[in-house]
Amino acid sequence: MPSPTVIEPRWVVPIEPAGTVLEAHAVVIEGDRILAVLPVADAAARYPDAPRIHLPEHVLIPGLVNLHTHAAMSLMRGMADDLGLMDWLQKHIWPAEAQLVSDEFVYDGTLLACAEMLRGGITCFNDMYFFPEAAARAALQTGMRAALGILAIEFRSNYASDAHDYLAKGMALRDTLRDEPLLSFCLAPHAPFTVSDATFAQIATYAGELELPVHIHIHETAQEVAESLAQDGIRPLARLEKAGLLGPGLIAVHSVHLDDPEIALFARHGCSVAHCASSNLKLASGIAPIAKLLQAGVNVGLGTDSAASNNRLDLFAEMRLAALLAKGSTGDATAMPTHKTLECATLGGARALGLQAQIGSIVPGKLADLTAVNLSASELTPCYDPVSHLIYVAGREHVSDVWVNGERRLVDGDLVNLDESTLRAKARQWQNRIRPS
Ligand SMILES: [Zn+2]
């Protein structure tokens, strides 16, 4: 029988109810679950013999959810910078992937990414890449929660020959791993410009039958929209609508170039947007209309995109940037306030993945995915409001402890079950294979 553990931080920001900051409260976890959130005195009376973890200068938040990444691309970080999306993809990333990508590459790259994400307070990531079985092994080894993409793309790779083959392999993997408590699955058609209408129709059928989310890059660049109009006479989102892909399961990654009717369309269908602010700026794709989307009631989560287009897997950086961009791009300093931004990085991501009943907030009965941030450093002192510091001051370097599914995976800044020197050695080996020095 699991026994309870009492965590006593200085502050708890549970996300639900919205806008709440609790002081002198404990979070009690037992097994994989949150058992109680209650005043410290009540916790002492009710669980007198339970072990206690004192975090006297820390704020405890739900584990951050990275709603869009390609984790294995951590091995391509810094390989090609300062290019637009299509040049970057066609001249650098796709040729490198055609040569390199293998089960081993994806396993090593995902493990490296998991170490970075866990240390940065991320407990769950939504992945889209080749060889998802290798990503699954890496996630399970690190103890991270992952939503794996059942990828669909029309071109051949080392992983699969055509869209049908990609889908068949992804569906078979889901059948094998569907009972893993840390794993879930999304259908992951890559983008409108790499996936045919026939494949979209197939994906819509699977999404309906299996109730799986659909994770897709959409309206990332103005060029994508213009070429779709020139080629098909309609905008990419209209193609998705025609295919029956708009619904509460749609995770619309980027959504930079949306007009007002498209924002209303997302709201009407209950779609989610994965906002990848850094990647959109670095590839000069633009700034997504997040303030308008939130105002329309669209669920928004935050994503890092890959380490090759960001180049950090850092949701603290994304939170700060998202909040600043929402204000600067609208001329409204009240856009995307602190609590809302933190909600996007936690419960917003959970909702998009259909996991809002399990994760995303610190509520009894939910799974214990928790991140503690130490706010004792000079740059974080004084602290009038811990949520203000989380968004505008704190960085991932202030994350001290992380629990996933009730297991403590980061203890005072140290990863429990990962040897980072081995990870670095592997990364250097890959660097030598990719670009011998
Ligand atoms: Zn992406």
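Every number in this text was worked out from the coordinates using simple rules, so none of it is lab data. Just so we're clear, the structure is a prediction, and the values are computed from it rather than from any experiment. Virtual Cβ from ideal backbone geometry, glycine too; neighbours counted across all protein chains shown.
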*Angle, helix 315-330 long axis vs. longest principal axis of the chain, Cα atoms, 0 to 90°, nearest 10?*
70
*Pick out, in residue order, every one of the trypsin sites (Lys or Arg not before Pro) in region 170-255 that is DSSP loop and has at most 14 other C-beta atoms within 10 Å; say none if there are none.*
178
*If one takes the longest principal axis of the Cα atoms in the chain, at what angle in degrees, from 0 to 90 and to the nearest 10, does the Cα axis of helix 260-269 lie?*
60
*Mind checking region 365-410 for chymotrypsin sites (Phe, Trp or Tyr not before Pro) that DSSP puts in a loop (not H, G, I, E or B) and that have at most 12 other Cβ atoms within 10 Å?*
384
_Within region 133-210: Cβ-based charge dipole about Cα centre, in debye rounded to nearest 20 (Lys, Arg +1; Asp, Glu -1)_ = 260
*GNM on the chain, C-alpha springs below 10 Å: top fluctuator among 65, 28, 300?*
28
*Where both residues lie in the chain, what percent of DSSP beta bridges are antiparallel, nearest 5?*
45
*If Lys and Arg each add +1 and Asp and Glu each add -1, what is the summed charge of the other residues whose beta carbon sits under 12 Å from the beta carbon of residue 341?*
+1
*If the viscosity is 1.306 mPa s and the temperature 10 °C, what translational diffusion coefficient in µm²/s does Stokes-Einstein give for the chain when Rh comes from Kirkwood over Cα pairs?*
73
*Model label zone, residue 388; criterion: amide N under 17 Å from point 7 Å along Cα-to-beta-carbon; scope region 318-358*: 320, 323-324, 333-342
*Along region 348-355, what does the Karplus equation 6.51 cos²θ - 1.76 cosθ + 1.60 (θ = phi - 60°) give for ³J(HN,Hα), rounded to whole Hz, x for Gly and Pro?*
x, x, 4, 4, 4, 7, x, 10
*Along the charge dipole of region 145-246, which of 231, 146, 246 sits closest to the positive end, that is, farthest toward it, with unit charges on the beta carbon of Lys, Arg, Asp and Glu (+1, +1, -1, -1)?*
146
*Taking H as built 1.01 Å from N, whose amide H comes closer than 5 Å to the amide H of residue 152, not counting residues under 5 places away?*
188, 190
*Given charges at beta-carbon only (K, R positive; D, E negative), |dipole| of region 291-410 in Debye*: 220
*Counting only C-alpha contacts under 8 Å and six or more residues apart, can you give the relative contact order of the chain as a whole percent?*
21
*Would you calculate, for the chain, the mean residue ellipticity at 222 nm contributed by helices, counting each DSSP H stretch of 4 or more residues as -39,500 (n - 2.57) and dividing by all residues, to the nearest 500?*
-10500 deg cm²/dmol
*Take peptides 146-157, 79-90 and line them up by average Cβ neighbours within 10 Å, highest first, as a rough protection proxy.*
146-157, 79-90
